[in-house]
Amino acid sequence: MKPSTGPGGPLGSAAASAAWELLLPAASAPARARGRALQEALRDAVRSGRLTPGTRLPSSRDLAADLKVSRGLVTEAYEQLTAEGYLRSGRGAGTWVGDAVRAARPRARDLAPRSPADRVDFVPGTPDLSLFPRSAWAAAQRGVLTELPHDSLGYPDPRGLPRLRTALAGLLTRRRGVVADPERLVVVSGVAQATALLASVLHARGVRTAGVEDPGSPQHDDLYASAGVDTVPLPLDDEGLALGPLHDSGVRAVVTTPAHQFPTGIAYSARRRGELLDWARSVDGLVLEDDYDGDFRYDRAPVGALQGLDPERVAYTGSVSKSLAPGLRLGWLLVPEWLANDVVERKRTTDLGHPALDQALFARFVERGDYDRQLRACQRAYRERRDALVAALEEYFPGSRVSGIAAGLHAIATLPERYGPEGRFLARVTEAGVAVRSLAEYTHGADGDAAAAKEVRLVLGYAHLTPSRIRAGVEMMGRAV
């Protein structure tokens, strides 16, 4: 096919020729789809710059002859793209590429965090995604698609499907000891949305500050800040959140991880749990319990949730991010009665409810015992990996100490001073291809002295690494220093 020419100049440039070649596949499309294919090919040529603004197009008669299609097909394509602004035309002046299009060819980037394959990354809090129960999940999905009534695919109750809330209430009561009323359970997109919803509701009620554990998860700061609530770092002692600073802070809401404090790994003592609830009652306050990995305890049965001691002073949240996969974006929020209506309304206006099909699938997964089986499989795997980490540290870093309870997906390792200072240690292991996090990274307002600290304190995630990979990573660290 040879491009035509017109009074506005020749169309024989390499760019124009290549643009016409884009139309050839459209001309050979099935008859019913040919007109649409031609229009899309022209749009693509203009968007991508293959047809530049000011380029004159061949007449509909010439282009139809070149492509061996009907003239009406070309005329319709020209008219449609002129209406959309891609082309311009004038009586007796021909058809030209318009100058309104500025869009570049779209490019989809993946901004999800990834670690290079040649590195060992001891990132904390990451599960082993290869443990995801694909077969059981697929079976649950087939079952749900077969049995789900048509009307269940409409907009759901913003709290979540009654079936899932009932299943979750039973699960959480049995495994975590919460007082779970399905009417006060809200299905959410993970702990992050649960925290954001509560922060927004508290802000609407006049709360402008909330306490957070120090050290603690930086995520809490960002989520509360997005709702206009400032966070106040509160120090810990050996039993949990230190009471003196908590009382002195003046806050009436505090975020805690009492079952397995992140990142230090301690469990709040029974006494401190009671004292924390006494504080909440004395200030008419609220404790947000983030039970991010409460199911994973390896030396004994997990300690029950704080919420079970006082459901009206504790908002409880958890998710499947550690037990199944964070990409599912599925969690739950159990709120006191006095906050329930506000939280549900905020959830409704945020997203009109969690996807109904996902909820029905997870409800079936819980009801049939598949979720309990998944938790047991993860517990076995993660216990083995924690043991592998402790053994490797003892071999390659004699005198190191692992603190905190035997639980969760990470451990705190304190290395002898001879491996410090910490800044030099981190630089050397990073150069050797091992990524580790210092405990200081999770401390609010950490000063520059942290890098010079003689004692090396690391937060080591192990759940996503095989035992052999854990050993190799620790050995690489040992050789580097």
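From the square roots a ≥ b ≥ c of the eigenvalues of the alpha-carbon gyration tensor of region 155-196, which class results: rounded (a/c under 1.5), prolate (a/b over b/c), or oblate?
Details: a/c = 2.28, a/b = 1.25, b/c = 1.82.
Because a/c hits 1.5 or more and a/b fails to exceed b/c, region 155-196 counts as oblate.
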* Percentage relative contact order, region 180-334, counting C-alpha pairs under 8 Å, at least six apart -> 27 percent
* Structure fact -> In region 35-113, taking the dipole from +1 charges on Lys and Arg beta carbons and -1 charges on Asp and Glu beta carbons about the Cα centre, the listed residue (Ala64, Gly90, Ala108) farthest towards the positive end is Ala108
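How big is the shadow of the Cα convex hull of the chain, averaged over all directions, in nm²?
Numbers: hull surface 122.5 nm².
One quarter of the hull surface, i.e. the mean projection, equals 30.6 nm².
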* Vicinal HN-Hα couplings computed from phi for region 397-407 (Karplus, 6.51 cos²θ - 1.76 cosθ + 1.60; Hz; Gly/Pro x) -> 9, x, x, 6, 10, 9, 10, x, 6, 7, 7
* Using modelled backbone amide H atoms (1.01 Å from N, in-plane), which distant-in-sequence or interchain residues come within less than 5 Å of Asp121's amide H? -> Ala435
* Asked: Amide H to amide H under 5 Å from Ala210: which residues, 5+ apart in sequence or cross-chain, H placed 1.01 Å off N in plane?
  -> Asp230, Thr231, Val232
* Structure fact -> For region 290-299, in residue order, the Karplus 3J(HN,Hα) values (coefficients 6.51, -1.76, 1.60; θ = phi - 60°; whole Hz; Gly and Pro = x) are 9, 9, 5, 9, x, 7, 10, 10, 10, 9
* Structure fact -> Taking every other residue with Cβ under 15 Å from the Cβ of Pro25 and scoring Lys and Arg +1, Asp and Glu -1, one gets +1
* **Distant-in-sequence amide H partners of Asp237 (H built 1.01 Å from N, under 5 Å)** => Ala242
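Report relative contact order for the chain in percent, whole number only (criteria: Cα-Cα under 8 Å, sequence separation at least 6). Write down the numbers at each step before the final one.
On the way: 844 pairs, mean separation 79.7, N = 481.
Taking the mean separation of contacting Cα pairs over the length of the chain, I get 17 percent.
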* To do: Go through Val474, Leu352, Ala280 and say which Cα lies farthest out towards the positive end of the charge dipole of the chain; charges sit on Cβ, +1 for Lys and Arg, -1 for Asp and Glu.
  => Leu352
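Coordinate-derived values only; no laboratory data. Bear in mind the structure is a predicted one, so any value in this text is a computation, not a measurement. Quick reminder, even Gly has a Cβ in these numbers, built from the backbone with ideal geometry, and neighbours come from all protein chains shown.
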